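Some notes on the structure that comes next.
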There are 2 protein chains.
Amino acid sequence: MRRLEQQMTFVAEAGLLKGVLRQTMLTRPARRENSAEHSWHLAVMALALGDYAPPGTDLARVTAMLLVHDLVEVDAGDLFVYADAADQARQEAAERAAADRIFGLLPADQAASARGLWDEFEERRTAEARFARALDRLQPMLANYYLGGGTWQEHGVRAGQVLDKVALIADGSAALGEFARELVGSAVRQGFLSPGQ
Amino acid sequence: MRRLEQQMTFVAEAGLLKGVLRQTMLTRPARRENSAEHSWHLAVMALALGDYAPPGTDLARVTAMLLVHDLVEVDAGDLFVYADAADQARQEAAERAAADRIFGLLPADQAASARGLWDEFEERRTAEARFARALDRLQPMLANYYLGGGTWQEHGVRAGQVLDKVALIADGSAALGEFARELVGSAVRQGFLSPGQ
């Protein structure tokens, strides 16, 4: 049962992601979401929005990538997407160490395949990774839009900064990139996102 | 953009599952988990424990089923697994109405396929549905075991009642059923689950 014990240890450790809070605000209940909820929501988005991935994209692989992409936050915590470069570099080192530890809980073959999914997501070279990252960028934007401001207002983020992130969405899905650009325009017109850089 | 708007409405509605609390207690932080977190954890279990599904089981289908299996709780809420038969009948009717409404937010082709996944999970006829349900039963047992009692103690649940649920786990996966039976035995020996019916 050694293999099964390793897998169950990983499953229990993964559950700790329910305690890692993100910046994104929920409307009902009014609180910040955690990374487990976020990961589930992204996987549901992959089911609902798979139409907009480039032809031939392996959506089961996208889903698996989304399910594990934030597990490193059990150790490294979550960093706000508009953090400065020094904080981002520190975060990257902490996440690599966390990936070694957490995926290393699994039996060797599964550890390698889960780590491979995480590296693929980080490196953004495959169509699957680019689509997964597009969803990861889109989800907090949707939350801010439905909230009428959310973390954009809280952190004084401007439309130009959001549009820089929209470029990453368009890189994974032309249609979702266009949708996100329109969302930013609509938020500016409604006055809850400031124009400019 | 009508199709995309329908899909985004569904995605936003799905997010409300983050507010539906379940009985299962988390250790860190100490609070009840919600159904979005639960659904994500089950999908991670499908990745980690896929070895124990019967040969030929389509694990991508299991994962998709787990991601949507609790969406009806956005309307119907969560019912404790040891609720009485009258409560369970009321819950089933509420869940069917919720499935009509929530999956119906999607474009017709996707609504049919998501509803098909939900029906498949409920009917427990395919290997995929039986394995998915085994994971759904196993996850709260693991939480209770790691907590040293949890909802078993809170609701005065006895080993015989837990073993009835273990039969459903064994029906989806012989190995996980055996694991769960040993877990129950160990909980009784350690004194945090009462023996008997």
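Here is a list of conditions, (1) open to solvent by 10 Å² or more (accessible area, probe 1.4 Å); (2) out of contact with any Ser or Thr (no Cβ under 7 Å at 6 or more places or on another chain); (3) at the interface with chain A (Cβ under 7 Å from one of its Cβ atoms), and B:Ala36 meets all of them except one; can you say which number that is?
(1)
Pairs please, first residue from the stretch A:84-108 and within 14 Å of chain B (Cβ to nearest Cβ), second anywhere and in a helix (DSSP H, G or I) and open to solvent by 60 Å² or more (accessible area, probe 1.4 Å), Cβ atoms under 7 Å, 6+ apart in sequence or on different chains.
From residues that are within 14 Å of chain B (Cβ to nearest Cβ), the pairs are A:Ile102/A:Asp75; A:Leu105/A:Thr9; A:Pro107/A:Arg3.
What number of residues in the stretch B:15-57 are of a type in the set (Gly, Ala, Ser) and in contact with a Lys or Arg (Cβ under 8 Å, 6 or more places away or on another chain)? Quick ask: steps written out before the conclusion?
So the first thing to find is which residues in the stretch B:15-57 are of a type in the set (Gly, Ala, Ser), and the list is B:15, B:19, B:30, B:35-36, B:39, B:43, B:46, B:48, B:50, B:53, B:56.
Subsequent filtering for residues that are in contact with a Lys or Arg (Cβ under 8 Å, 6 or more places away or on another chain) retains B:19, B:35-36.
Number satisfying all stated conditions: 3.
Filter the stretch A:39-65 down to the residues that are in a loop (DSSP other than H, G, I, E, B) and touching a residue at least 60 places away in the same chain (Cβ under 8 Å), then identify the one that is surrounded by the most Cβ atoms within 10 Å (Cβ to Cβ).
By that ranking, first place goes to A:Ala53.
So, in the stretch B:9-33, how many residues would count as being more than 7 Å from chain A (Cβ to nearest Cβ) and assigned to a helix (DSSP H, G or I)?
The number of residues fulfilling the criteria is 3.
Could you list, in sequence order, the residues of the stretch B:149-160 that are open to solvent by less than 30 Å² (accessible area, probe 1.4 Å) and modelled with pLDDT under 95?
B:Gly149, B:Gly150, B:Thr151, B:Trp152, B:Val157
Based on what the data block shows, is B:Val68 more than 11 Å from chain A (Cβ to nearest Cβ), at pLDDT 95 or above and closer than 15 Å to B:Ala36 by Cβ?
No, not satisfied.
A quick yes/no check of all residues on (1) open to solvent by 30 Å² or more (accessible area, probe 1.4 Å); (2) under 26 Å from B:Leu16 (Cβ atoms); (3) not basic (Lys, Arg):
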{"residue": "B:Gln110", "(1), (2), (3)": "no, yes, yes"}
{"residue": "B:Ala114", "(1), (2), (3)": "no, yes, yes"}
{"residue": "B:Trp118", "(1), (2), (3)": "no, yes, yes"}
{"residue": "B:Arg125", "(1), (2), (3)": "yes, no, no"}
{"residue": "B:Asp164", "(1), (2), (3)": "yes, no, yes"}
{"residue": "B:Leu183", "(1), (2), (3)": "no, no, yes"}
{"residue": "B:Arg189", "(1), (2), (3)": "yes, no, no"}
{"residue": "B:Ser194", "(1), (2), (3)": "yes, no, yes"}
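So, A:Val74, is that one more than 9 Å from chain B (Cβ to nearest Cβ), more than 13 Å from the chain's Cα centre (by Cα), in a helix (DSSP H, G or I) and in contact (Cβ under 8 Å) with a residue 40 or more places away in the chain or not? So that I can check it myself, show each step before the final result.
Working: more than 9 Å from chain B (Cβ to nearest Cβ): yes; more than 13 Å from the chain's Cα centre (by Cα): yes; in a helix (DSSP H, G or I): yes; in contact (Cβ under 8 Å) with a residue 40 or more places away in the chain: yes.
Criteria met by A:Val74.
What residue, among those in the stretch B:66-88 that are of a type in the set (A, V, I, L, M, F, W, C) and within 21 Å of B:Val157 (Cα to Cα), is most open to solvent (accessible area, probe 1.4 Å)?
Taking the candidates together, the pick is B:Ala85.
The values are calculated or read from the model by the stated rules, or taken from the named source; none is laboratory data. Note that the coordinates shown come from a computational prediction; the quantities given were computed from them, not determined experimentally. Note that we place each Cβ from the backbone using ideal geometry, even for glycine, and neighbour counts take in every protein chain shown. What goes into the accessible areas is simple: the full protein's heavy atoms, side chains included, and nothing from ligands, DNA or RNA. Shrake-Rupley method; radii C 1.70, N 1.55, O 1.52, S 1.80 Å.
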